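What follows is a single structure, written as structure tokens, with notes after it.
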Amino acid sequence: MAIRYLENSKTLILETAHTTYQMKISKYDYLLHTYYGEKLSDEDLSYLIQPKDRGFSPNPYEAEYDRTFSLDVFPQEFSSDGCGDFRKPSIEIKNGDGSTAFLGKVKKHHIRSGKYSLPGLPALFATDNDTVDTLEITLQDEATKVIVVLLYSVFEEKDIITRAVKVINQSDQTIYLNRIMSTTLDFMESDYDFIHFAGRHTMERNLIRTPLRYGVQSIESSRGASSHQHNPFVILCRPETDEDHGDCYGFSFVYSGNFRCEIEKDQFDQTRLLFGINPRGFSYQLKTGECFDAPETVLTYSNQGFAKLTHQYHDIYRNNLCRSHFSHLERPIVINSWEAAYFDFDDEKLLHIAKEAVDMGVEMFVLDDGWFGKRDSDFSGLGDWETNTSKIKRGLPDFAKEINKLGLKFGLWVEPEMVSEDSNLYRTHPEWCMKIKGRAPVRGRYQLVLDLSQKAVCDYLINTLNHILDSANIEYIKWDLNRNMTDVWSSVVDFEHQGEIYHRYMLGLYYIFDQVILTHPDILFCGCAGGGGRYDPAMLYYYPQVWCSDNTDAVNRMSIQYGTSFVYPINTLESHVSICPNHQTGRTTPFDTRGTVAMDGILGYELDSTKLTAEEKYLCREQIASYKKYYDLIAYGDYYRLTDPVKSKKYMAWQHVSKDQKTALVSIVITNKESNEPQKYVRIKGLLPNQFYSIKGQDGVYSGRALMKAGIPLPDLGEYESVQYYITAVS
Ligand code: GLA
């Protein structure tokens, strides 16, 4: 078993191939955290906790005259509130008597094989090839009887530990849960850097690294979506850690709504990390006997820097999170109508684009926004999911047939969670959107958010979407979301339940996904939220791919894809070649380079094919042919970031390496050119040192060691030009 309880030392040990996680049931039955990191033997590590009389750090009543036992100092597995630990709490409750105290003590624990699941929430699953064990620890507050169950699953070979929490109200009064953190992890030191991924619309997931400082540092979303601004993923690492060396810990939160990650450096230079639903706007009523399930966090540790951490996340997310069978299939090459036509099209124009696209070698035509209702701009039409026959004159089923006749598959855009005020849906059901009685709602992109906490709204959307999907030969859906939530209040629940709406919305959304996506397993779903505004692990449980950003500029995209790659597998990231000057930045880059960058993901096109030159169409065919040749390497290989967009002033480079380390694809883009430059060298990663390799199109063979230690000369290319090196082992 990967989980053990050692009776003599009262330690609970979670073990993976290369890591150990240890807890100790202390005297008085408090659950302390003693270690997480490189694999150790079964020794009791609680000697690390040195009891000292610390002024102003109080002691539990049962400690009597012992002033060295303090929950304010000792590392906790799940921290109490109002009972002597002044650091950030794991839980905040309003008890039936109005008190807010919670003090959990271990009542029991249970080890079993298999992975836990969470009702209504996405979570990792075990496949037949995995060894997974689960530990459940029950903590109870002796005074109120409120129970907290800590859940841990260990994916032994994959070096992954998942955590989740349940709160059960076993008191005899109604309580309110105002905060519940899915993961609490205390470190006895604070010599760490905090890495997170901040951004904005069209510029998502830029890596930010700062040393920990005293007090609380945090990231969060309170937008009702995981957001462009902060991704629910953080890393704690040693100051010296880089791509290839050093300790680092990853925390990835499997939830698409409001989240919060807090890291507190305390008075004794210790560190507490908390990750969970954002307490802002959250208050959940639990009557006697009711239970709340908090979402999952996925933890991993690497002692060999970020590259290994990335490989661990990519492997587990590809195999144990993405449920769609498309996760293991080559995706069709898409041409999307958005940047080609925006709202200005009719079916003839689109068919012309599709026809020319056949010549480019694409395989699927995706009809983006504008095909339904009164949708000639983004001021109206959302909610009216009937074909606009003044634009698609032959109707959707026949339009799809025409696309199919060209030899292309057909895909469609929807934005089901929204409504325009100028729509029949809004006129019929104004009470279905998020709006506070007596208050004019805030608009975003001139649209309002449907209240998915209402069962009637979910059922309506399930029927409407299933009807669309079954009405024509649709083989791909781009599911979009183009504003964040405001006016969060529901007309159908009373005062006590208004703090549940953000979370109930997410449960409603996951329920809709179950009823629409899972019932159409042969349709390829692509997630989108103004590009990457909801690129999170929970979404990957439903969609095998996500439109990574509305920014298609190759140079900006390299930074966005760099940050995204730390945790999200390359075969979940949709990336398109568009025209130049680029619509977002006005920059002009060579067609080849746009292909090189888009191949660092799921390659597609986002342009008007009727405007391409014969030369550009030829380049498309070449790009698609190379992409298909390298597909397995890109989709399933190990990913290496060879440069960092902030530090690397001259070029960007990245690499895909097959699991057997015998083939690799290195991509290089020159980002800044000067005259008469010094020679630079690009050091390759992940090869076998004693193996000899050849580089496609070049004479000679090189040892893996030479390619990795000495590198290859950076080719003499112009600004924004690129090159790809295909490296194969010679026998
Ligand atoms: C969002 C998406 C775009 C496009 C538009 C359509 O911004 O990210 O790709 O689909 O909506 O309105």
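The values are calculated or read from the model by the stated rules, or taken from the named source; none is laboratory data. Quick caveat: nothing in here was measured; it's all calculated off a predicted structure. A quick note on method: Cβ atoms are made from the backbone with ideal geometry, for glycine too, and the neighbour counts reach across all protein chains shown. Each accessible area value is taken on the protein alone, full model and side chains, heavy atoms only, with ligands, DNA and RNA left out. Shrake-Rupley method; radii C 1.70, N 1.55, O 1.52, S 1.80 Å.
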Prolate/oblate/rounded label for segment 508-569 (Cα gyration tensor, a/c 1.5): prolate
D_trans [Stokes-Einstein, Kirkwood Rh over alpha-carbon pairs] for the chain, 25 °C, 0.890 mPa s, µm² s⁻¹: 90
For segment 239-392, Kirkwood radius (reciprocal of mean inverse C-alpha pair distance, Å): 21.1
Dipole magnitude of the chain about its Cα centre (Cβ charges: Lys, Arg +1; Asp, Glu -1), debye to nearest 20: 540
D_trans [Stokes-Einstein, Kirkwood Rh over alpha-carbon pairs] for segment 601-731, 25 °C, 0.890 mPa s, µm² s⁻¹: 153
Alpha-carbon Rg/Rh ratio, for segment 278-364, with Rh computed the Kirkwood way: 1.22
Accessible carbon and sulfur surface of segment 275-383 relative to its total accessible area, %, 1.4 Å: 51
Largest-first ellipsoid semi-axes for segment 618-659, taking √(5λ) over the Cα gyration tensor eigenvalues, angstrom: 23, 16, 5
Average accessible area per residue (Å²) across the chain - probe 1.4 Å, nucleic acids and ligands excluded: 36
Ellipticity estimate at 222 nm from DSSP helix runs (n ≥ 4, -39,500 (n - 2.57)) divided over the chain, nearest 500: -5500 deg cm²/dmol
Share of alpha-carbon pairs per 10 Å distance bin for segment 50-155, given as whole %: 13, 33, 31, 17, 6, 0
Calculated FRET efficiency for the pair R67/D487, C-beta based, R₀ 51 Å, to 0.05: 0.50
Sorted largest first, extent of segment 74-214 alpha carbons per principal axis (Å): 48, 44, 34
Distance cut-off 20 Å, percentage of C-alpha pairs in segment 376-452 lying past it: 43
Compactness relative to 2.2 N^0.38 Å, alpha carbon Rg of segment 534-589: 1.20
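With all pairs of different alpha carbon atoms counted, what Kirkwood hydrodynamic radius in Å does segment 421-520 show?
Kirkwood radius, segment 421-520: 14.6 Å.
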Over segment 677-731, volume per residue of the alpha carbon convex hull, in Å³: 88
Theoretical gain in end-to-end length, D172 to S675 [0.36 nm per residue, Cα-Cα removed]: 173.3 nm
Stokes-Einstein diffusion coefficient of segment 117-181, Kirkwood radius over Cα pairs, 20 °C, 1.002 mPa s, in µm²/s: 156
Spin-label model distance (nm) - Y618 vs R394, 7 Å beyond Cα toward Cβ: 3.2
Tensor-based shape of segment 537-694 (alpha-carbon gyration tensor, a/c under 1.5 rounded, otherwise prolate or oblate): rounded
Separation in nanometres of the label points that stand 7 Å from Cα toward Cβ, at F86 and D244: 4.6
Restraint check, K478/K650; K158/K455; K39/K709; K349/K409; K617/K650; K265/K709, Cα-Cα greater than 27 Å: K478/K650; K158/K455; K39/K709; K617/K650; K265/K709
Rel. contact order, % - alpha carbon contacts under 8 angstrom, at least six apart, segment 500-595: 21
Rg in Å to one decimal, and Dmax rounded to a whole Å, for segment 29-91 via C-alpha atoms: 12.7, 37
The chain: Cys lacking any partner C-beta under 4.7 angstrom: C83, C261, C291, C322, C433, C458, C526, C528, C548, C580, C620
Dipole magnitude of segment 249-352, debye to nearest 20 (Cβ charges: Lys/Arg +1, Asp/Glu -1, about Cα centre): 440
³J(HN,Hα) computed for each position of segment 216-221 - Karplus, 6.51 cos²θ - 1.76 cosθ + 1.60, integer Hz, glycine/proline x: 9, 10, 8, 10, 6, 10
Potential extension, H352-N424 segment - 0.36 nm per residue separation minus Cα distance: 22.8 nm
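What is the sum of charges around Q285, taking Lys and Arg as +1, Asp and Glu as -1, for the other residues whose C-beta is under 11 Å from the C-beta of Q285? Write down the numbers at each step before the final one.
Details: positive: K94, K287; negative: E290, D494, E496, E500.
Charge balance near Q285 sits at -2.
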Space enclosed by the convex hull of the alpha-carbon atoms of segment 477-535, per residue, Å³: 96
Kirkwood Rh in Å, taken over segment 463-586 so that all alpha-carbon pairs contribute: 16.6
Using a Förster distance of 35 Å, the FRET efficiency for K39-A706 (Cβ separation, nearest 0.05): 0.60
Whole-number percent relative contact order across the chain, with pairs defined as alpha carbons under 8 Å at least 6 apart: 10
